Every structure is written in structure tokens, then in C-alpha cells.
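Engineer: Could you have a look at this structure, given as C-alpha cells, before my questions?
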Amino acid sequence: MRKLQILLFVSFILLITGGFVLFSESVKSQETLKVGGLFDLTGVTSDVGKPFAQGVRDAVDWVNQQGGINGKQIELIPVDYSYKIPQAVAAYKKFVSQDKVLLINGWGTGDTEALRADVNKDKIPYISASFSAHLTDPSKTPYNFFIGADYSTELRIFLKWIKDNWKDTSRNPRVAFIYSDNPYGKAPIEAGRAYAKEIGVDLVDEEIVPPSFQDSTSQLLNMQKKEPDFAYINTTTSWVAIILKDARKLGLKTQFGMNPYGFGEKLPQIAKEAAEGAYGMMPNVAYGENVPMMKTIQDYVEKNKTIENPDTLYVRGWAYVLVWSEALRRTQELTGPGVKAALETLRDFDTGGLTPPITFTPEDHRPTMRCKIYQVQNGKIVPIAELELPRKKEWLGL
């Protein structure tokens, strides 16, 4: 009997001790809010990936300095995956299985789309810097989000702006598409083809460039034969600069527009005179613009000196953190589904003027249908127009 009592007592102590250990581990796991950061710092999009990543890091640090999220600090776990899908998959698995992150601040289109099935299965909010419209339909990608008009909406807006400002009544404006041979480059092309036809813009040529290259003369000579009035480039800044320089050498009269990863303050710095007059879609403001949140960002940069030449990509990183940190504040249950539900409560969320107001619903993850168009004027990027398209159901996911 006594042995039984001793055995029961020991079992009781072990149960309490074990419970205490489990409780301690549970508390420990809740000391910080873990967020995965998937960045391209050394790959083919690192020209725009590095300032974006620094913006995310600095914004996280700023949020933590303000007291964090409901008293908890954000723990950002950054990984450089060099814009390679296998490395992105490996980083994702570590985020989920080892780091136990609440959400992931991701990057590229190819890797984001490649991870869709895993993200859905694991129920991890994945807030990538890809603006692919394929990620906006919650019936297919319920855990994918991003901040800014999707690539398809941006291309539609550019085409609408061309049509609205076209003065020659004898013919339709002629456009060409130039895009990189990867999921990011191709993302808006199908939508652009359909919308050009719908509104009376003649798509006369498409040219495909590799993800990285040193010369685009052959593609531009092919395009020149079709005499487009405008060409829309869907690749990143370094490669856009090569295209613009080659176009200038060839004396092309075509006017160029480009998506938000091909345009920014760095473009005229790299392309010089060849960038003059070029247009760009901008889902967020340029660095230094007069909006409420900009002073906070500038004060942080001045004090901490984490980046030498902050630009629109750096601002974009801040905008991302402002949005998902607000969702974390609203989260009732610190789980992936809880964060997703909180993101879907955002209605006209104000990022301090860095972006148009952001809205997500359980039925529609398009954050906004508004986007500004900027132009390079005298070596500076200047806003010239802002358009908003209707939130058509048939465009969701396309």
C-alpha cells in the first residue's frame, strides 16, 4: 500500500513538473511574435529586393521601439533565398516546422505561386511582395495577401490611361509588351491582352527577355517593325535600364511604361538620359513625398543610418509591415487562421499615405484598385496621374 502511495506521489510530481515545463514552453513561445522574412539579397531581383528587405527590417525595429504588438515584440527571421525556388521552399519549411512563424513576409512571384499549395495546407498567412493577380482569389489562395494594386490592374490602368489620353482619331493607339521569361514577367500579360482588345488599344507585338541579360537590341528591332506608340516593360529596374539604353541607341520613338519593380528613383540614376519621359506604375509613394507617415520614416533613416539611398522600394517595405502589424494587433487568436481573419477585417486601412487605403475581405484579397502613374522628368520621378478601376468580379484572380 505504501509503495502504491509513493508511486502515486511520484507520478503526481512528474505530472506537475511536466505540466510546468509544457506551460513554460508555451509561455516562452508567446514571448515574441515570429515572422518569416523571405528576401532576395543576391539574386536576379536583388536590385529591388535589397531596399525592400531593409524597409521591412527597419519598420519592424520601429514597431518594436513603439512597444511592439500588444506588448509583444516582433521577431523577424530573415532568409536570403537568392530568387531561387528550391531555396524558397527550404526556407518556407524551416519557417513552418522549426521557427513556428505566425506569418511570412515573402518576395517573388515564382516562389510565391510555387508555395501556394503548402501555404493553403499549413494555413500560414503569406504576405508577399509579388502583386500577381493569381494570388487575389481567396477561393483558390485563401492565405495569400499583398499590399498594392495587382500587376494586372496596374497594366489595365496604364492601358486605360493611354486610351483616355490618345488624341489621334484616325486610329487606335498601338502598344507592345516586353516581359521577362518567368512567372513574374508573364503574370499580367493575359489580362493585358484581353483588356487592350476590350477598350480599343491595338496590341501589335510581344517580346520576351531572359530573367537576366546584357543586350535587348534584337527584341527591340523586332518590336520596331510594328511601330508601337507605347511599350510596357514587365521586369526589374536593372534590366529595364538596359532596354531603355538600347532603345535610345536605336532612336526608337516608342514611349515606355513599366511595372513597379522596374520603376523608381534608381531608374534615372542607372539609365540616365534614356529614362527621361518613361512612365511607371507606383503602388506606393516615392521616398520623401509629403504624406503623414513619411516624416517618421525619414527620422528613422536619419537617426539609424541603415540605408544610404532610401527609395520607393524601401518605403514599400515599411508599408508592408504597417499592414501586417495592424493585423497582428487585431488578431484574437495568435494562429495562422487568426491572423488571416484579422487581415480580412481591414477596410480602407490608412498606411499614413504610403499607399492607397487597403481593404481585404474573405471573398476578395485585392487590396486596392487604385494606382498612381509617375514619369521621369529632369531625372526625377514625378506623379502625373492616379486612376481607379472598378472591382469587377470577373477580374478576380486574373
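No value in this document is a laboratory result; all are computed from the given coordinates. On a predicted model such as this, the values are computed, not experimentally measured, just so you know. No Cβ is skipped: glycine too gets one built from the backbone with ideal geometry, and neighbour counts run over all protein chains shown.
Engineer: Calculate the length of the line joining the C-alpha centroid of segment 39-94 to that of segment 263-290, in whole Å.
Structural biologist: If we compute the Cα centre of each part, the gap is 24 Å.
Engineer: Summing +1 for each Lys or Arg and -1 for each Asp or Glu, what net charge is found among the other residues whose Cβ lies under 13 Å from the Cβ of Q298?
Structural biologist: My count for the surroundings of Q298 gives -2.
Engineer: Which net charge results when you count Lys and Arg as +1 and Asp and Glu as -1 among the other residues whose beta-carbon is under 10 Å from that of C371?
Structural biologist: In short, -1.
Engineer: Tell me which DSSP H helices of the chain clear both cut-offs, 24 Å or more of axial length from alpha-carbon atoms and a mean Kyte-Doolittle hydropathy of at least 0.5.
Structural biologist: Span-like helices, by this rule, are 2-29.
Engineer: On to the next question. Give me the distance between the Cα centres of segment 199-229 and segment 119-195, rounded to whole Å.
Structural biologist: So the separation of the two Cα centres works out to 18 Å.
Engineer: For the chain, what relative contact order do you get, as a whole percent, if you take Cα pairs closer than 8 Å and at least 6 residues apart?
Structural biologist: 17 percent
Engineer: Could you line up S170, S130, S218 from fewest to most neighbouring Cβ atoms inside 10 Å?
Structural biologist: S170, S218, S130
Engineer: Taking K and R as +1 and D and E as -1, what net charge do the other residues with C-beta under 11 Å from the C-beta of A275 add up to?
Structural biologist: +2
Engineer: Nearest 5 is fine: what % of DSSP beta bridges in the chain come out antiparallel, could you say?
Structural biologist: So the antiparallel bridges in the chain amount to around 30 percent.
Engineer: Magnitude of the Cβ-charge dipole of the chain, K/R +1 and D/E -1, about the Cα centre, nearest 20 debye?
Structural biologist: 660 debye
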